[in-house]
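Here is the structure we will look at, set down as structure tokens.
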Amino acid sequence: METIEDVIIVGAGLCGLATALGLHRKGVKSVVLESSEVLRAAGFAFSTWTNAWKALEALGIADELRQHHLRLEGEGPEMRCVRRDLLLETLAKELPSDTIRYSSKVVLIEESGNLKVLHLSNGSTLKTKVLIGCDGVSSVVSKWLGLKKPSFAGRSATRGFTEFPDGHGFNPEFVQLFGQGFRAGIMPCDEKSMYWYFNWSSSSKDKEMEKDATKMRQFVITKMQEANVPHNFIQLIEKSDMGDSVSFPLKFRWPWELLWRNICKGNVTVAGDALHPMTPELGQGGCAALEDAVVLARCLAQALKGNDNGDAKEDEYVRVKSGLENYVAERKWRDFDLVFTSYVFGSIQQGDNAFTRFLTEKMLVGIMARTKIKKTYYDCGKL
């Protein structure tokens, strides 16, 4: 007899695993399809603000993660730099062992009545009652929904991770650095590891160093030396691991697409970077993905299980469609706000125009800082 899954989630990244865990906490089984052979942590770490910790508390894993990451001083809201590998491992171990299916790349989506039929690269097919795309900026599910490809923001990014077996000695704080055409940040994850990122206004001349870690590292160091960055920060970058992806273009979805396009269609929707890729100026990309996961799990679980008013007797497809529409209604304006604000801040902060830099340094920096902090107090609610 053919097996039909209740929920299939495409992508075992941050958002996909968080959504699966949220559904699991609500008693709903899901299958997560991951194209790679193992869990992959894209990037080393990310800034995790108060709003993300509220989502992690709803998922039941916040306290465990707090034990492994320093709270950064001077930020007001709770902020920690969380290692992506530890977060993914923590999410995965809370799920039933048969939840994640590796080497399962979706290449085609078709319909069979109200069911969705997924064709995998290995030639197999799966059918599901609900399909959720958490498959990143190149999402096959977003494409099926009719969302446009994310746009290039005119800036690129690189980052690195440095481990100090005997302790790094840096203060537990988020240090932001600015120079002509670049924005960077350095922060500790714990007492023995440091994470840094560097975003810059890129051009076609940068292509030769995009995949060359040595050239990219020297580019970053030269830019920082020109901006008189303290030597201990430069030494940190000299010793860092830059990973397999040396640099990458920053992409975003034009925010009005979140209002005008189909974020859900029947029993299909998207979340995380598949929904709202954004530039990193607010540090909210990963945080918003966790918010998505909690809201989506809450809305979908209620739809699948019905409620005390007898909704369980209603057609399941109709309930799922309504549940996903509720998810979209709750998330689209929040995601619109984050994508729009991030793009505007990035355009201002990394402009090469001297007047823009003067205006930012003298007048806008305080406004942007207060706006950034305000975004972190959002509460996605409980499961």
Self-check item: Reciprocal of mean inverse Cα separation for region 1-148 (Kirkwood radius, Å)
Solution: 16.4
Practice problem: Mind ranking 142-153, 159-170 by how tightly packed they are, going by the mean number of other C-beta atoms within 10 angstrom, highest first? | Solution: 142-153, 159-170
Quiz item: Ranked highest first by average number of other Cβ atoms within 10 Å, how do 188-197, 207-216, 259-268 line up?
Solution: 188-197, 259-268, 207-216
Quiz item: Around residue 173, which amide H atoms from residues at least 5 apart in sequence, or from another chain, sit under 5 Å from its own amide H, with H modelled in the peptide plane?
Solution: 73
Quiz item: Short version: ³J(HN,Hα) in whole Hz for each residue of region 317-324, in order, from phi by Karplus 6.51 cos²θ - 1.76 cosθ + 1.60 (θ = phi - 60°), x for Gly and Pro, what are they?
Solution: 4, 5, 5, 4, 4, 5, x, 5
Exercise. Apply the Karplus parameterisation 6.51 cos²θ - 1.76 cosθ + 1.60, with θ equal to phi minus 60°, to every residue of region 167-174 and state each ³J(HN,Hα) to the nearest whole Hz, in sequence, with x for glycine and proline.
Key: x, 8, x, 7, 5, x, 8, 8
Quiz item: Given 0.36 nm per residue, what is the gain on full extension from residue 64 to residue 101 after removing their alpha carbon distance, in nm?
Solution: 10.8 nm
Quiz prompt | Distant-in-sequence amide H partners of residue 270 (H built 1.01 Å from N, under 5 Å) | solution = 133
Quiz item: Using 7 Å Cα-to-Cβ label points, what is the residue 166/residue 245 separation (nm, one decimal)?
Solution: 3.5
Quiz prompt | Pair residue 122, residue 265: separation of 7 Å Cα→Cβ label points (nm) | solution = 2.8
Self-check item: Taking the C-alpha atoms of region 189-303, convex hull volume expressed per residue in Å³
Solution: 167
Quiz item: Taking the Cα centre of the chain as origin and charging only Cβ (+1 Lys, Arg; -1 Asp, Glu), how large is the dipole, in debye to the nearest 20?
Solution: 860
Self-check item: Gain on full stretching of the segment that runs from residue 317 to residue 379 - 0.36 nm per residue minus C-alpha separation
Solution: 19.4 nm
Self-check item: residue 108 versus residue 206: modelled label distance in nm, points set 7 Å from Cα along the beta carbon direction
Solution: 3.8
Quiz item: What number, in percent, do you get for the relative contact order of the chain if the mean sequence gap of Cα pairs under 8 Å and at least 6 apart is divided by its residue count?
Solution: 22
Practice problem: Determine the distance separating the Cα centre of region 64-79 from the Cα centre of region 179-234; give it in Å without decimals. | Solution: 24
Quiz item: In Å², what does the accessible area per residue of the chain work out to with a 1.4 Å probe?
Solution: 45
Self-check item: Beta bridges by DSSP in the chain, antiparallel share as percent, to the nearest 5
Solution: 75
Practice problem: Could you please state how large a percent of the accessible area of the chain is carbon and sulfur, counting protein chains only and using a 1.4 Å probe? | Solution: 50
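The values are calculated or read from the model by the stated rules, or taken from the named source; none is laboratory data. Model, not experiment: these values are computed from the prediction. FYI the Cβ positions are ideal-geometry reconstructions off the backbone, even for glycines, and counts take in every protein chain you see. The area values use the complete protein model at the heavy-atom level, side chains included, leaving out ligands, DNA and RNA. Shrake-Rupley method; radii C 1.70, N 1.55, O 1.52, S 1.80 Å.
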